[in-house]
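Step one of this worksheet: look at the structure below.
Please treat every number below as a calculation from the coordinates, not as lab data. Keep in mind the model is a prediction, meaning the values are calculated, not measured. Note: ideal-geometry Cβ built from the backbone for every residue, glycine included; neighbour counts use all protein chains shown.
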Amino acid sequence: MYERRKRHRFIERNDVLIRTAVDRYQGAGIAAHTFDLSTGGARIVTSKSYTVGTAIRIRLCLNGTDQPVNLDGVVRWLKEGAGEGLYEIGVEFERLTSQAVLTLIRHLYGRHEGIPSTVA
């Protein structure tokens with residue numbers, strides 16, 4: 001099978017808070033968690049179904065750190081049945097700040113494989 005992803009995915013659970021354009025600055029958002037994570041996107045397990053193409057804002061709390069990261073993304077795919085009343089969504093990150101990218105690289109590669117000299 002051909003792997004279309006450009007970046008290595010790390011399987012790890014991180015708490016996530018999801019907001020859409022409608023509730024971006026109001027309310028608590030939807031609590032969820034990552035199944036896997038890369039510098040380009042994430043697979044997120046959530047109790048809410050999102051339409052493919054929905055723009056979302058994610059507040060990611062990286063395990064082992066007290067540093068939350070705010071990321072904008074777009075839902076690229078949806079899979080029902082990850083558990084009773086749960087969904088999996090594939091999110092592609094967009095418009096990442098250099099600080100967000102650096103935080104993800106340090107978290108993902110610093111602990112597992114060493115920080116690469118180039119990142120796609």
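The table for this structure:
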| quantity | calculated |
| --- | --- |
| Shape box of region 10-111 [Cα atoms, principal axes, largest first, Å] | 34, 28, 22 |
| Residue order, fewest to most surrounding Cβ atoms within 10 angstrom, among ILE105, ILE58, ILE11 | ILE11, ILE105, ILE58 |
